1. For helix 8-19, report the angle its Cα long axis makes with the longest principal axis of the Cα atoms of the chain; keep it between 0 and 90° and round to the nearest 10°.
2. Taking chymotrypsin sites (Phe, Trp or Tyr not before Pro) as candidate sites, keep only those in a DSSP loop with at most 12 other Cβ atoms within 10 Å, then name the longest stretch of the chain containing none of them.
3. Which angle from 0 to 90°, rounded to the nearest 10, does the C-alpha axis of helix 81-94 make with the longest principal axis of the chain?
4. For residue 67 and residue 42, what is the calculated FRET efficiency with R₀ set at 30 Å and r taken between the beta-carbons, to the nearest 0.05?
5. Enter the mean projected area of the convex hull around the alpha-carbon atoms of the chain, in nm², rounded to one decimal.
6. How big is the dipole moment of region 82-132 about its Cα centre under a simple scheme where the beta carbon of each Lys and Arg is +1, that of each Asp and Glu is -1, and everything else is neutral? Debye, nearest 20, please.
7. Let's see if you can work this out: charge +1 on each Lys and Arg Cβ, -1 on each Asp and Glu Cβ, no other charges. What is the dipole magnitude of the chain about its Cα centre, in debye to the nearest 20?
8. Would you please give the residues with an amide H less than 5 Å from that of residue 165, counting only those at least 5 places away or on a separate chain, with H modeled from the backbone geometry?
Amino acid sequence: MEDFTPNHYERAFESWLIDNRIKYVLVDERKCAVYGRSKFKSFDFLLYPKNQQVIIAEVKGRLFKGTSFEKLTGFECWVTTEDIDGLIGWQDVFGSGHLAVFVFAYKMENIDIDFDGRSFYDFDSSRYVFFAVKLSDYRKFMKRRSPKWRTVTLPADKFRQCAIQMQALLI
């Protein structure tokens, strides 16, 4: 069996969790299948913020090509219907004491960006920003993006309404 290595978005998010002293479990996707839950797509992290419910997190890495966060535009936030179904399934397995979220990890393509007062995170010579969207919010506002690729997305105004910077959600 080959080693499980998270992608750079997941590694950046994990480093952010460590730096912010958020307890977590990184999920080895291969082991989820071994334990009989293979009917659901796996998730990436279980987060244990202080005095809050446990968070089931699916990390989605995206590149941000803009130069300003002022109006929160230009953020790709598509996911697959398999991602949606997987988080729904895990939410049902874990129960009401858990909150399912998509964590959108945006790697900045440009060097000079106006973050409009938002926090960013430097990792491995790159800069990242992490936003969470609760699964319940995503499901409420999602729109079909591509029937062929089975993807959905949030309209820009709904992303602005639902996106929570990770610091506000966890700390």
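1. Rounded to the nearest ten degrees, it is 90.
2. Longest stretch, sites excluded: 36-148.
3. Value to nearest ten degrees: 60.
4. So, using R0 = 30 Å, E works out to roughly 0.30.
5. Projected area, direction-averaged: 10.6 nm².
6. 180
7. 680
8. For residue 165, the qualifying residues are 132.
Bear in mind these aren't lab numbers, they're just calculated from the coordinates by the rules spelled out. Remember, predicted model here, so these are calculated numbers, not experimental data. Here Cβ is always computed from backbone atoms with ideal geometry, including for glycine, and neighbour counts include all displayed protein chains.
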